[in-house]
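Here is the structure we will look at, set down as structure tokens.
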Amino acid sequence: MQNNIPTPTHRLDMQTEPCPYPAIKTIEALRELGDDDILEVISDCPQSINNIPLDVEKHGYKLLHIDSSSPSVRYFVKR
Amino acid sequence: MSITHELKRMLTSFWRPTPAVIALGVLSVYYFGITGTYWAVTGEFTRWGGHILEASGVDISDWGYFNIMGMQGTSLTRVDGVMIIGMFGGIIAATLWGNKLKFRLPASRIRIYQALIGGIIAGFGARLGMGCNLASLFTGIPQFSAHAWFFTIAMIVGVYFGVKFTQLKLFRSKVQMQAISCDTPQIVQKDRAKGFFTFGTIVFSLIMLWALYLIFVVGSTKLGVAMLFGSAFGLIIAKAQICFTSAFRDLFITGRSQMSRAIVIAMAVSTIGIFSYILIGVPPKIMWAGPNTIIGGALFGFGIVVAGGCECGWMYRAVEGQTHFWIVGIGNVIGATLLAFVWDDIAPLVATSWPKINLLESFGAYGGLLFNYLLLFLLFLLILKIEKNYSKKLNGANYAK
């Protein structure tokens, strides 16, 4: 399990912020990243499962991995 | 993989939202056909407000709105009441099975104001327009009541202004991205999944037993069936994280149309189902198509975006431990009660003097059916258009870089 998770270079800890703020911030943060950077987004708004993955792809970024086993869902994304 | 393992995986993981919304549409049709009543929650929340007033010594017997809602009985003896208990049962089970229970305090003071004020505006608007998203999208529109169309269109406009308002700097999240290295500690979460899963199974079993007890022992078939349907509604909205607020809000914010498209498809599916029941004599619920639906819809749309969730969405988030949505729920009950307070003064002007328009009567049975589908198709086109405009703007911005 641990092997699937890419090593992030940046983290956006959105815990306690309700949707849609985690998705909005993720898109804003991705704009600042370099090509080799990997961003870990942590959100305890479980509804983010229906917005972060789709919004990331729609804006032309890549979703690498989702860990939704805990109350705080973790997303690993890159440019 | 063993069967129990696979079953457990299904109950632990998220469900896909589009099939879930369509399933909700189908279930709401059968709920209507079997019980003759409608999937809605705000009406019961209004009654809760009424009971709180009664308990604090206020005489509400001459409040017109409470008379329309019917204050007889309690949450345990009313169909809407037990349906909501079933919903909470399904939601609690889904939350525990998925290991999504966590106590979270609001991120900042501004969010508390948003939750309370947004909740009050949404609660007031929903009741002024005679229902929230559920009552319009899963009851009103498939039941050919013109008021639900006015409400829905006004709601989309309200959502648009809500989006503009909440994008002001004041409301933006203050969280900053940090660069991290191998030395940065991992955020470790306590693993309580196993105990929660068992507890979820117990809760779900108890709700099932309660419903079966109502049907087979007490003999209140309608109450028991309502509880079963409620538990299915609750399970589905929580497992698939269905958020009707996000449907139109995020269409404007990030150009995502998945949920709004799913809702239109669900309405198209339930329209034909409801139509078949109406043909064999089940009466639809038709409401006044007055200015109340337009004002109520716009207020509701604005309020749900400010609050971050509507009357159905706050229920599962509150159970998950998001205190933000406890406040939204309280706001909704306050807003609904305020509306009940002013109802007798404004009702003749904005609601009760206006006609109840049944599309099946205005255009004939099949004419009305066709008209409803035409409107659904136009709504679908509108969604595609808004999405397209967003993509165009996005591509333009990328090109300019």
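The values are calculated or read from the model by the stated rules, or taken from the named source; none is laboratory data. As the structure is a computational prediction, the values presented were derived from the model and not from experiment. Because the Cβ atoms are built from the backbone with ideal geometry, glycine has one as well, and the counts that use them run over all protein chains shown. Just so you know, the surface numbers come from the protein's heavy atoms only, side chains and all, with ligands and any DNA or RNA stripped out. Shrake-Rupley method; radii C 1.70, N 1.55, O 1.52, S 1.80 Å.
For region B:43-48, what does the Karplus curve 6.51 cos²θ - 1.76 cosθ + 1.60, with θ = phi - 60°, yield as ³J(HN,Hα) per residue in whole Hz, taken in order and with x for Gly and Pro?
Working through the residues one at a time gives x, 5, 4, 4, 5, 4 Hz.
Could you work out the helix-only [θ] at 222 nm for the protein assembly as shown, with each DSSP H run of four or more residues adding -39,500 (n - 2.57) and the total divided by the number of residues, to the nearest 500 deg cm²/dmol?
-20000 deg cm²/dmol
Residue by residue through region B:68-78, which ³J(HN,Hα) values in whole Hz follow from phi under the Karplus form 6.51 cos²θ - 1.76 cosθ + 1.60 (θ = phi - 60°), with glycine and proline marked x?
Listing the rounded values in order: 5, 6, x, 9, 4, x, 10, 4, 8, 10, 9 Hz.
Please label the shape of chain A as rounded, prolate or oblate, based on the square roots a ≥ b ≥ c of the eigenvalues of the alpha-carbon gyration tensor (a/c under 1.5 means rounded; beyond that, a/b larger than b/c means prolate, else oblate).
Since a/c reaches 1.5 but b/c is at least a/b, the shape of chain A is classed as oblate.
Express in Å², to the nearest 10, the accessible area of residue B:269 obtained by rolling a 1.4 Å probe over the protein heavy atoms while all chains stay in place.
60
Picking from B:381, B:122, B:202, whose Cα lies most toward the positive end of the charge dipole for the protein assembly as shown (charges on Cβ: Lys, Arg +1; Asp, Glu -1)?
Result: B:381.
Taking chymotrypsin sites (Phe, Trp or Tyr not before Pro) that fall in a DSSP loop and have at most 16 other Cβ atoms within 10 Å as cut points, what is the longest piece of chain B between them?
Counting only loop sites that pass the neighbour cut-off, the longest clear stretch is B:104-362.
Taking springs between alpha-carbon atoms closer than 10 angstrom, which of B:107, B:266, B:238 fluctuates most in the Gaussian network model of chain B?
With Cα springs under 10 Å in chain B, the top fluctuation among B:107, B:266, B:238 is at B:107.
Please report the spacing between the Cα centers of region B:252-304 and region B:36-79 in Å, no decimals.
Cα centroid to Cα centroid, the span is 23 Å.
When the dipole is taken about the Cα centre of region A:2-78, and only Lys, Arg (+1) and Asp, Glu (-1) are charged at their Cβ, what size is it in debye, to the nearest 20?
140
Pull out a ≥ b ≥ c, the square roots of the eigenvalues of the alpha-carbon gyration tensor of region B:310-394, then state rounded if a/c is under 1.5, prolate if not and a/b is larger than b/c, and oblate in the remaining case. Write down the numbers at each step before the final one.
Numbers: a/c = 2.34, a/b = 1.15, b/c = 2.05.
The shape class here is oblate.
So what is the relative contact order of region A:2-78, in percent, for Cα pairs below 8 Å that sit 6 or more residues apart?
This gives 36 percent for region A:2-78.
Cα gyration tensor of chain B, axes a ≥ b ≥ c as square roots of the eigenvalues: rounded (a/c below 1.5), prolate (a/b > b/c) or oblate?
Verdict is rounded for chain B.
Among the listed pairs A:62/B:239; A:58/B:393; A:58/A:78; A:58/B:388; B:164/B:385, give every one whose C-alpha distance is greater than 22 Å.
Long pairs (Cα-Cα over 22 Å): A:62/B:239.
Give the cross-link partners of residue B:222 among the lysines, using a straight C-alpha distance below 22 Å as the criterion and excluding same-chain residues fewer than 8 apart.
Within reach: B:285.
Can you tell me which lysines have their Cα less than 20 Å from the Cα of residue B:169? Leave out same-chain residues fewer than eight positions away.
Within the straight-line cut-off, residue B:169 pairs with A:25.
How many Cβ atoms of partner chains, on average, are near each residue of B:252-264 if near means within 10 Å of its Cβ?
Details: counts 0, 6, 12, 4, 7, 2, 3, 3, 0, 0, 0, 0, 0.
Other-chain Cβ atoms within 10 Å of each residue's Cβ, averaged: 3.
What list of ³J(HN,Hα) couplings, whole Hz, do you get for region B:3-12 from phi and the Karplus terms 6.51, -1.76, 1.60, once you set θ to phi - 60° and write x for glycine and proline?
Going residue by residue, I get 5, 4, 4, 5, 4, 5, 4, 5, 7, 7 Hz, with x marking Gly and Pro.
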